[in-house]
Amino acid sequence: MSPQFIGVTGLPRAGSTLLCQLLAQHPEIQCEGNSSPLCNTLLGIRRMISDDSFFLSQLDHTFDTSYAHLTSAMQGFLRGWNQDCGKKAVVDKNRAWLHAVELLLHIEPNAKLIVCLRELGQIYGSIEAQHQRTILVDFIDHLADFDRFGRADILFAKDKAIGAPLISLHAVPDLPKKVQEHLYFVRFEDMIEQPAACMAHIYAWLGLSPFEINPNQLALGVQESDSHYHMKYLHKQAQQISKPKRHEIAPRIQAQIETACAWYYQLYYPSKKSSS
């Protein structure tokens, strides 16, 4: 039997590395922690097959059979990716999973996604702080020449590091209820403040055996590559959880973020008072 599929998705700098490390503590979970190409590959298969003249001609005459072939092939690819892990559940990390959730559930109906959230100003602040530490190296999409306000503005654009997953989050309320039931939202702040209770709830939601983590004695997993991201999106693991230092954000930038993304705060941080 194939292991239960768990996708880790959501916003950058919102604790996906920590979440994967905590998930990996559970003996029934296989979690390598690296960002995975699986989601991108499935989306690539959909694009390729949709432009294939042989497949399209088959759909004209034997739609049900040909579509079933495609479904079976994509199921086989997804399940074959981790079929020999020997665990009850397997974790795959990619921020695109939330965008592709309906495709995922079509080929893996029991899949579940854990969506990482964080206060948006602190996400920007984390990226900006790491940029200042590696200021002699540019971003992948060449943002180093902009000032702080300009860089923040671009990072929140719909196709950029923060903006793209925000678009997927904004669309969640419009998803059918049966799809939303496969989503679990976890805030970075909750993982830091109450890691044991937070993970106990997640393990239960996943249908796994009860397990209590020790936040002061965590096993370390695989170190994800940082050079791929030009050292701007650092991935660190530690043997114990400690509260990170709060990033100081320019009031104008924080106000702009809270105004432009008021819906986000209403949905996920309703108790936060706007500073704008």
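Note on the range 215-231: residues that are over 17 Å from the mean Cα position of the chain (by Cα) and touching a residue at least 24 places away in the same chain (Cβ under 8 Å) amount to 9. Determine if the range 35-43 includes at least one residue that is in a strand (DSSP E or B), surrounded by 12 or more Cβ atoms within 10 Å (Cβ to Cβ) and either at pLDDT below 95 or of a type outside the set (Phe, Trp, Tyr) (or both). Yes, the range 35-43 has at least one match.
Out of the range 193-213, which residues are of a type outside the set (Phe, Trp, Tyr) and in contact with a helix residue (DSSP H, G or I) (Cβ under 8 Å, 6 or more places away or on another chain)? So that I can check it myself, show each step before the final result.
Of the range 193-213, the ones of a type outside the set (Phe, Trp, Tyr) are 193-202, 204, 206-210, 212-213.
Selection gives Pro195, Cys198, Met199, Ile202, Ser209, Pro210, Glu212, Ile213.
Could you pull out the residue among Cys20, Cys116 that is surrounded by 20 or more Cβ atoms within 10 Å (Cβ to Cβ), part of a helix (DSSP H, G or I) and not basic (Lys, Arg)? Break it down into steps so the answer makes sense when it comes.
Working: Cys116 fails: part of a helix (DSSP H, G or I).
Among Cys20, Cys116, only Cys20 is surrounded by 20 or more Cβ atoms within 10 Å (Cβ to Cβ), part of a helix (DSSP H, G or I) and not basic (Lys, Arg).
Gln58 meets all of the listed conditions (1) under 20 Å from Val222 (Cα atoms); (2) touching a His at 6+ places or on another chain (Cβ under 9 Å); (3) without any contact (Cβ under 8 Å) to a residue 12 or more places away in the chain but one, namely (1). Being farther than 19 Å from Trp97 by Cα, in contact (Cβ under 8 Å) with a residue 40 or more places away in the chain and of a type outside the set (Asp, Glu) is the filter here, so list the residues in the range 25-55 that pass it. Passing the criteria: Gln25, His26, Pro27. Loosely packed, with under 15 Cβ neighbours inside 10 Å, at pLDDT below 95 and either aromatic (Phe, Trp, Tyr) or in a loop (DSSP other than H, G, I, E, B) (or both), is that true of Asp141? For Asp141, the condition - loosely packed, with under 15 Cβ neighbours inside 10 Å, at pLDDT below 95 and either aromatic (Phe, Trp, Tyr) or in a loop (DSSP other than H, G, I, E, B) (or both) - is met.
When Ala89, Ala111 are checked against the criterion of being of a type in the set (A, V, I, L, M) and surrounded by fewer than 20 Cβ atoms within 10 Å (Cβ to Cβ), Ala111 stands alone in meeting it.
The values are calculated or read from the model by the stated rules, or taken from the named source; none is laboratory data. Keep in mind it's a predicted model, so treat the numbers as computed, not measured. Neighbour counts run over all protein chains shown; Cβ positions are idealised from the backbone, glycine included.
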